[in-house]
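Structure, as structure tokens:
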Amino acid sequence: MTVAEDRGDFVALWCPAGTRWKTATTPPTRPRAPTRAERFVLSLARGDWVRGDFTWDVSTLVLARAGDWHAVWVSWREDGEDWGWYVNRRRPPRGTARGLQTMDLMLGILVAPDRRWRWKDEDEFGARIAAGLITTAEAARVRDEARRVIGHVEANAPPFSARWHDWRPEPSWSLPQPPAGWDRL
């Protein structure tokens, strides 16, 4: 991603459509589980995955505040139309020598431009809890934070009240490239 804004306790990261990225996927040495929830749980429980190559399909500005257990993604369709927001539930990021490290906790919230919202990935969140990959205390924290964010959505409070959908990247910005050493943990 490209750092669009960094205020120390707040960062906005740009990930345009077409950006190449890697994420964990089932290794070819074992059968692929039928659902995404099962694939995540098996890979995490076994510590067994490979990095697959993917292409980001929607232009996204990731808004993250230090210490928050979520990030708000502002997204646009290919024609530039406002796609809405995605609230990504994740552990607070921590800085590393190569960037930020976090862990997706799966219970997302999709927010339409008119502020109607719905849950995303409840099954994956439940599967991680059932497998002991998310503790009961952490699950409660995730749900509490989700309710707090939903309150912001329903009250049209920041960042949902801000004009982030009017933001545009610098015309000179190219597709982000992974930094040197990205493949070493």
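Does V62 satisfy the criteria of being touching a residue at least 40 places away in the same chain (Cβ under 8 Å), in contact with a Gly (Cβ under 8 Å, 6 or more places away or on another chain) and within 30 Å of N156 (Cβ to Cβ)?
Spelling it out, it is not the case that V62 is touching a residue at least 40 places away in the same chain (Cβ under 8 Å), in contact with a Gly (Cβ under 8 Å, 6 or more places away or on another chain) and within 30 Å of N156 (Cβ to Cβ).
Working only within region 138-167, note down all residues that are assigned to a loop (DSSP other than H, G, I, E, B) and surrounded by 13 or more Cβ atoms within 10 Å (Cβ to Cβ).
P159, F160, A162, W167
I'd like the residue in region 88-130 that is small (G, A, S) and more than 12 Å from the chain's Cα centre (by Cα) and, out of all such residues, is surrounded by the most Cβ atoms within 10 Å (Cβ to Cβ).
In this case the residue turns out to be A127.
L42 is checked against (1) within 20 Å of the chain's Cα centre (by Cα); (2) crowded, with 16+ Cβ neighbours inside 10 Å and fails just one. What number does that condition carry?
(1)
Does region 104-137 hold any residues that are small (G, A, S) and in a loop (DSSP other than H, G, I, E, B), and which are they?
A112, A131, G132
Please verify whether T19 is surrounded by 13 or more Cβ atoms within 10 Å (Cβ to Cβ), under 16 Å from the mean Cα position of the chain (by Cα) and of a type in the set (S, T, Y), treating the condition exactly as stated.
yes
For region 175-185, which positions are out of contact with any strand residue (DSSP E or B) (no Cβ under 6 Å at 6 or more places or on another chain) and surrounded by 10 or more Cβ atoms within 10 Å (Cβ to Cβ)?
Within region 175-185, L175, Q177, P178, W182 qualify.
Of I134, I129, I109, which residue is of a type in the set (V, I, T) and touching a residue at least 40 places away in the same chain (Cβ under 8 Å)?
I109
Only one of E145, E138 is on the phi < 0 side of the Ramachandran plot, touching a Phe, Trp or Tyr at 6+ places or on another chain (Cβ under 6 Å) and among the acidic types (D, E). Can you tell me which?
Being on the phi < 0 side of the Ramachandran plot, touching a Phe, Trp or Tyr at 6+ places or on another chain (Cβ under 6 Å) and among the acidic types (D, E) holds for just one of E145, E138, which is E145.
Could you list all residues from region 59-73 that are outside any strand (DSSP E or B) and either under 13 Å from the mean Cα position of the chain (by Cα) or surrounded by 19 or more Cβ atoms within 10 Å (Cβ to Cβ) (or both)?
D68, W69
For region 115-139, which residues satisfy the criterion of being of a type outside the set (D, E, K, R) and under 13 Å from R90 (Cα atoms)?
Those that are of a type outside the set (D, E, K, R) and under 13 Å from R90 (Cα atoms): F125, I134, A139.
Read-outs throughout are calculated quantities, based only on the coordinates presented, and are distinct from any laboratory measurement. From a predicted model like this one, the values you see are computed outputs, not experimental measurements. Because the Cβ atoms are built from the backbone with ideal geometry, glycine has one as well, and the counts that use them run over all protein chains shown.
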